[in-house]
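Beneath this line is the structure, given in structure tokens, with notes to follow.
The values are calculated or read from the model by the stated rules, or taken from the named source; none is laboratory data. Source: prediction; values computed, not measured. Cβ atoms come from the backbone with ideal geometry, glycine included; neighbour counts cover every protein chain shown. The protein model used for the area step is the full one, side chains on, heavy atoms only, and it has no ligands, DNA or RNA in it. Shrake-Rupley method; radii C 1.70, N 1.55, O 1.52, S 1.80 Å.
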Amino acid sequence: METVIARTQSEVDTNEAVRSAVNALQAGDLVALPTETVYGLAADALNPASVEKIFAVKERPHFDPLIVHVHHKDAIRDVAEIPEEIKKTIVQLIETFWPGPLTLVLPRKPIISDLVTGGLDTVAVRQCDHPVFHRIIRNFSGPVAAPSANLFGRMSPTSAQAVMDQLEGRIPLIVDGGACSRGLESTIVKVEPGPAKPIITVLRPGPITEVELKKFGKVVFAERNEDVENASPEAPGMLENHYAPNKPLRLLTSPEEFSPEEGRRYALLSYRGQPRDGYLDSYEWDHVAVLSPGSGRVAEAGTRFFHVLRELDGMEEIDEIISEPMPDRGVGKAILDKLRKAAVKG
Ligand code: TXA
Ligand code: MG
């Protein structure tokens, strides 16, 4: 199968790209679409044959459920039940963060199949904030299932070319909407009533942070699963060995921990690229990649994370990636989560 990239630089191109994407979805085909987080691999959520293609193309196990994207805030009611006891909080979260990188896990409506939810009685829903995605889903006007557009276990793509590199020949169309502004997958939460305030459990850390969510309830982070076999069905996306580059990656907790091997070539994945962090001058690195060169802020590091990691992975003169830890706060939590899962164990 030939994979075509549809550009969206001009209005004429965008109209054509939107038309092609909507046609593809209606015909039951897959199409890779830009979102503000990462590129998604989209299918008509109500067409089981199309949804099945997602699992085949990604080589993704069926127990790992998909996120359903809705075209309108109210359309959440088409796919999910909103229990009365958490309704106020859900409405507040939607009003505050949608369209945007917050995914809500709620009881599913029967219209959403077992295939989409991996057999769970809940569904993960979000409204994405990207102008091109928005036009496509509005014209399609039904729910769209879209996981990240990568092969299972590999890094999420934050550009059309990154999708091409992994899925060329497997899908007919990639809509190029430019680089993803957030660069990390959405924050996934579930909400339960609590004794004093509602309890907001973060199932996957992402761009919407603890500080932002705290206004709406008590925020807790779900435990990480150590392996596929013991995965809790509630948060299958928290599997280990995810987001892996092809090269080995090691995550340090201190500069002293690094013991280089003779003749091996190492790249440092640095947070701010500043000597005061202690990692930069601790070794003569063959290459240094800086995640947050401008502001030294974790949000910038988040936006650039997959892009920088992909660049390092493609460098022939490097054998191994050595990463500094990120601050365990804000978007840094999400980056650390990915680094831990990408890192060589043991
Ligand atoms: O930003 C994003 O969320 C991107 C863009 C494309 O929207 N999508 C994304 O999808 O990251 P994916 O498939 O790579 O991750 C979806 C994860 C699953 O691995 C699973 O952990 C979680 O969402 N999930 C889906 N349905 C769930 C459910 N019913 N309960 C708990 N977790 C669920
Ligand atoms: Mg993914």
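Details
- Of the residues in the stretch 94-107, at least one is exposed (fewer than 15 other Cβ atoms within 10 Å of the Cβ) and under 17 Å from L213 (Cβ atoms).
- The set of residues in the stretch 172-192 being outside any strand (DSSP E or B) and within 14 Å of ligand 1 (Cβ to nearest atom) consists of G177, C180, S181, R182, G183, L184, E185, S186.
- Matching residues in the stretch 246-289 - criterion: being touching a helix residue (DSSP H, G or I) at 6+ places or on another chain (Cβ under 8 Å) and of a type in the set (A, V, I, L, M, F, W, C): L249, L251, F258, A267, L268, L269, V288, A289
- Within the stretch 290-327, the set of residues being in contact with an Asp or Glu (Cβ under 7 Å, 6 or more places away or on another chain) and farther than 18 Å from R340 by Cα comprises S292, G294, E317, I318.
- Which listed residue is at positive phi, away from ligand 2 (no atom under 16 Å from the Cβ), out of contact with any Lys or Arg (no Cβ under 6 Å at 6 or more places or on another chain) and not assigned by TED's automatic domain parsing to the domain that holds D337, from G153, G169: G169
- Matching option when the condition is over 21 Å from the mean Cα position of the chain (by Cα) and not in a loop (DSSP other than H, G, I, E, B), among R276, R264: R276
- Candidates S148, S141, filtered to the one that is modelled with pLDDT under 95 and either touching a strand residue (DSSP E or B) at 6+ places or on another chain (Cβ under 7 Å) or more than 16 Å from ligand 2 (Cβ to nearest atom) (or both): S141
- Only one of the numbered conditions (1) more than 30 Å from A196 (Cα to Cα); (2) away from ligand 2 (no atom under 15 Å from the Cβ) is violated by L120, and that is (1).
- Subset of the stretch 1-55 that is charged (D, E, K, R) and closer than 19 Å to L115 by Cβ - its residue that is surrounded by the most Cβ atoms within 10 Å (Cβ to Cβ): D44
- Among the conditions (1) in a loop (DSSP other than H, G, I, E, B); (2) out of contact with any Lys or Arg (no Cβ under 7 Å at 6 or more places or on another chain); (3) open to solvent by less than 70 Å² (accessible area, probe 1.4 Å), I318 misses just one, which is (2).
- Scanning the stretch 163-192 for residues that are within 27 Å of G330 (Cβ to Cβ) and surrounded by fewer than 22 Cβ atoms within 10 Å (Cβ to Cβ) yields G178, A179, S181, K190, E192.
- Qualifying residue in the stretch 144-151 (condition: assigned to a loop (DSSP other than H, G, I, E, B) and surrounded by fewer than 19 Cβ atoms within 10 Å (Cβ to Cβ)): yes
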